[in-house]
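The values are calculated or read from the model by the stated rules, or taken from the named source; none is laboratory data. Since the model is a prediction, treat every value here as computed from it, not as a measurement. Here the Cβ is made from the backbone with ideal geometry for all residues, glycine too, and neighbour counts use every protein chain on show.
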Amino acid sequence: MKAIYKSLIVAALSAPLFTSCIEEAIPTDRVIESQLQGNAKATEALVYAMPGHMNAVESVGSNHWDFGAPSIMHIRDVMTEDMPVLSCGRYDHFTPWAAVSVALGEEYLVTQYPWVWFNAQILSCNNVLGAIPASSATSPELKTNRAAGLAYRAMTYLDMARMYEVLPVNTDVKDMSVSSSGKNILGLTVPIVTPGMTEEELRKNPRAPHEEMYDFITGDLEEAIALYQEGSAVPNKTIPSLAVAYGLMARACLWDASYKEEMAAGDFAAQYKEAARYARLAITTGGNTPLTQDQWHNTSSGFNDINVSSWMLGGQYVSEDDAVQTQIVNWASFMVNEQEFGYTCVDGQPGAQPMIGASLYNRMSDRDWRKLSWVAPEGSSLKGREPFLNKDFADAVLTTPYVSIKFRPGQGEMTDPKIAAAIAYPLMRVEEMYLIEAEATAHVDAGAGKNLLENFMKTYRYPSYACVSSSTERVVEEIVFQKRIELWGEGQSFFDMKRLNMSVTRAYEGSNFDSSRVTFNTNGRPAWMNFVIVRNEIQNNKALTDYNTQSPAGIYSLITLNK
């Protein structure tokens with residue numbers, strides 16, 4: 001295994017980087033650990049391999065849904081009730097996840113993809129941590145580099161654990177709390193891999209229970225926080241900062257608090273308080289400020305510029321990236337509706353355009369300027385007020401109500417993907433921290449949480465906002481609703497709906513979900529939010545035998561809508 005590990009370090013050092021350069025010559029044909037340890041410039045290459053892999057394409061083959069972290073975000077979004085996609089046949093490559101198809105079973109490529117991508121990202125983090133052990137992190141630069149590796153690994157495991165964790169679901173078809181072999185799998189997440197593990201250890205590596213995974217993630221973050229406080233400044237927002245580490249801790253504490261509350265597994269009130277505390281630290285430490293209306297609706301830089309005030313962490317495409325060079329296998333192709341080269345617009349006609357769920361949109365106040373991020377339906381007072389990049393294009397292509405214009409093409413360029421797709425995508429914004437603080441507080445003190453929500457909304461979104469709820473359940477639901485609006489399309493709503501045991505409702509009067517494929521209603525969290533581990537991992541890791549999650553395919557019946 002050590003030989004394999006070293007060869008992967010060589011690959012990371014030899015690969016072209018989209019940012020930064022190695023100023024010292026390091027032989028890349030025979031790299032030894034002593035050459036990496038203590039060498040800030042050499043380890044810098046490994047650090048930038050982490051954000052580099054976020055944009056990776058073709059992790060499991062030439063599939064157009066295979067473009068790294070942004071595609072994983074999109075997968076999560078189409079599994080909720082917040083993002084229907086305009087039906088246009090073969091152009092919507094994410095249908096298997098939205099339609100709960102048989103491809104979500106353990107033997108399919110669709111299931112293999114997120115597993116392979118996550119594990120490759122963990123490897124890139126472990127490469128950094130193996131090259132900079134704690135004992136070698138002596139200079140400010142190395143402290144920050146190790147902290148970045150820890151923060152990226154924590155973020156990766158937190159996302160992966162929350163997707164694969166088995167939580168209770170309400171279905172009469174089969175018991176999803178056990179494996180197909182009848183083994184209890186509630187609370188199990190994914191195996192933990194660290195630098196230096198032997199092949200034997202990797203082949204007998206069980207799924208970590210929730211508490212073990214939580215301790216591992218927060219252990220990484222606690223060390224990262226200590227290192228950041230003694231380290232050098234991070235170079236840009238593709239590298240996690242101290243504020244981001246606090247933000248990740250807030251996400252982790254919120255996840256753990258909800259688990260403890262549902263499973264009666266500990267002091268959930270204390271964990272909610274910790275989530276609120278860390279969210280506040282993230283707000284005050286980073287100096288980030290929520291987006292203004294002008295920043296949000298800017299037709300050339302709206303939700304594509306990593307340097308705006310509210311973004312704490314983001315991914316960044318550049319024109320040389322493979323994903324951009326493909327023209328169509330990237331974030332802009334599937335999420336930017338105002339462009340003419342990707343899947344959202346095909347030959348001048350509407351393509352697989354992401355939309356907001358009609359029920360979510362219709363619940364928003366017309367006084368909320370965020371509502372202008374989507375095409376208003378006929379008869380709405382907002383019709384004609386949408387800040388389109390190009391009105392003629394909008395009249396021809398953006399013809400369906402609720403279609404998104406939140407994410408803009410780079411520099412307002414609609415035809416050249418080397419410019420339009422060379423954009424950033426958000427991984428953490430400070431607005432999320434305000435809403436985590438409000439929700440976590442509301443679980444303990446509904447009135448205090450309500451006040452925090454109202455202060456945020458009145459200060460940063462629209463002054464006349466008022467939360468009319470007072471009970472804990474209703475205040476929490478309202479906060480999460482505002483969070484779903486705020487972070488629509490950013491891959492976060494999945495986590496909130498899953499941890500809070502929220503139903504997904506796609507079949508209702510006025511629904512804009514495709515009733516031929518995806519109109520499912522659930523009672524509580526959907527079974528499809530407990531991800532299945534791919535079969536080849538089960539075959540190579542014997543500790544997973546009999547402990548895989550059952551496929552959700554066939555559990556829910558499609559509800560036909562009369563339109």
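Below are the figures for this structure:
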item: Hits in the stretch 77-104 (condition: assigned to a loop (DSSP other than H, G, I, E, B), hydroxyl-bearing (Ser, Thr, Tyr) and either in the same structural domain as residue 491 (by TED's automatic domain parsing) or over 19 Å from residue 499 (Cβ atoms) (or both)); result: 87, 101
item: Criterion violated by residue 475 - all others in (1) surrounded by 20 or more Cβ atoms within 10 Å (Cβ to Cβ); (2) part of a loop (DSSP other than H, G, I, E, B) satisfied; result: (2)
item: Residue in the stretch 354-364 that is farthest from residue 92 (Cα to Cα), counting only those that are surrounded by 14 or more Cβ atoms within 10 Å (Cβ to Cβ) and out of contact with any Leu (no Cβ under 7 Å at 6 or more places or on another chain); result: 364
item: Condition broken by residue 365, with the remaining ones in (1) of a type outside the set (D, E, K, R); (2) in a loop (DSSP other than H, G, I, E, B); (3) under 21 Å from the mean Cα position of the chain (by Cα); (4) closer than 17 Å to residue 484 by Cβ satisfied; result: (3)
item: Which listed residue is surrounded by fewer than 22 Cβ atoms within 10 Å (Cβ to Cβ) and part of a helix (DSSP H, G or I), from 376, 396; result: 396
item: Filter pass, residue 189 being at pLDDT below 95, farther than 30 Å from residue 306 by Cα and surrounded by 15 or more Cβ atoms within 10 Å (Cβ to Cβ); result: no
item: The stretch 61-72 residues that are modelled with pLDDT of 95 or more and assigned to a loop (DSSP other than H, G, I, E, B), paired with ones that are buried (at least 23 other Cβ atoms within 10 Å of the Cβ) and among the hydrophobic types (A, V, I, L, M, F, W, C) (beta carbon under 6 Å, 6 or more apart); result: 64/329; 67/323; 67/329; 68/54
item: Residue match in the stretch 3-12 (condition: at pLDDT 80 or above, outside any loop (DSSP other than H, G, I, E, B) and under 25 Å from residue 138 (Cα atoms)); result: no
item: 2 or more residues at pLDDT 95 or above and not charged (D, E, K, R): qualifying helices (runs of 4 or more DSSP H) within the stretch 192-266; result: 210-228, 242-263
item: Residue among 116, 166 that alone is in contact with a strand residue (DSSP E or B) (Cβ under 9 Å, 6 or more places away or on another chain) and over 17 Å from residue 220 (Cβ atoms); result: 166
item: Complete set of residues in the stretch 414-442 that are among the hydroxyl-bearing types (Ser, Thr, Tyr) and either part of a strand (DSSP E or B) or without any contact (Cβ under 8 Å) to a residue 40 or more places away in the chain (or both); result: 425
item: Qualifying residue in the stretch 155-168 (condition: part of a loop (DSSP other than H, G, I, E, B), among the hydrophobic types (A, V, I, L, M, F, W, C) and buried (at least 22 other Cβ atoms within 10 Å of the Cβ)); result: yes
item: Residue that is in contact with a strand residue (DSSP E or B) (Cβ under 6 Å, 6 or more places away or on another chain), within 26 Å of residue 174 (Cβ to Cβ) and touching a residue at least 40 places away in the same chain (Cβ under 8 Å), where the choices are 553, 507; result: 507
item: Unmet requirement for residue 495, which otherwise passes all of (1) farther than 16 Å from residue 161 by Cα; (2) surrounded by fewer than 22 Cβ atoms within 10 Å (Cβ to Cβ); result: (1)
item: Every residue from the stretch 373-398 that is more than 17 Å from residue 412 (Cβ to Cβ) and touching a residue at least 12 places away in the same chain (Cβ under 8 Å); result: 374, 375, 376, 377, 378, 380, 381, 382, 385, 396
item: Number of the exception - residue 295 against (1) part of a loop (DSSP other than H, G, I, E, B); (2) under 18 Å from residue 490 (Cα atoms); result: (1)
item: Which listed residue is surrounded by 24 or more Cβ atoms within 10 Å (Cβ to Cβ), of a type outside the set (D, E, K, R), in contact with a helix residue (DSSP H, G or I) (Cβ under 7 Å, 6 or more places away or on another chain) and over 24 Å from residue 162 (Cβ atoms), from 421, 446; result: 421
item: Candidates 60, 102, 128, filtered to the one that is in contact with a Leu (Cβ under 9 Å, 6 or more places away or on another chain), farther than 30 Å from residue 374 by Cβ and surrounded by fewer than 21 Cβ atoms within 10 Å (Cβ to Cβ); result: 60
item: Which listed residue, of 152, 157, 113, 164, is touching a residue at least 24 places away in the same chain (Cβ under 8 Å), among the aromatic types (Phe, Trp, Tyr) and over 19 Å from residue 537 (Cα atoms); result: 152
item: Residue 338 free of Cβ contacts under 8 Å to residues at least 24 places away in the same chain, buried (at least 16 other Cβ atoms within 10 Å of the Cβ) and closer than 28 Å to residue 493 by Cα; result: no
item: Cross-chain or 6+ apart pairs with Cβ under 6 Å, the stretch 273-284 first and assigned to a helix (DSSP H, G or I), then surrounded by 19 or more Cβ atoms within 10 Å (Cβ to Cβ) and charged (D, E, K, R); result: 276/437; 279/437; 280/437
item: So residue 256, is it buried (at least 23 other Cβ atoms within 10 Å of the Cβ) and over 15 Å from residue 428 (Cβ atoms); result: yes
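To keep it simple, each residue is scored yes or no on (1) closer than 30 Å to residue 282 by Cα; (2) of a type in the set (A, V, I, L, M, F, W, C).
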| position | (1), (2) |
| --- | --- |
| 302 | yes, no |
| 305 | yes, no |
| 320 | no, no |
| 324 | no, yes |
| 337 | no, no |
| 345 | no, yes |
| 351 | no, no |
| 359 | no, no |
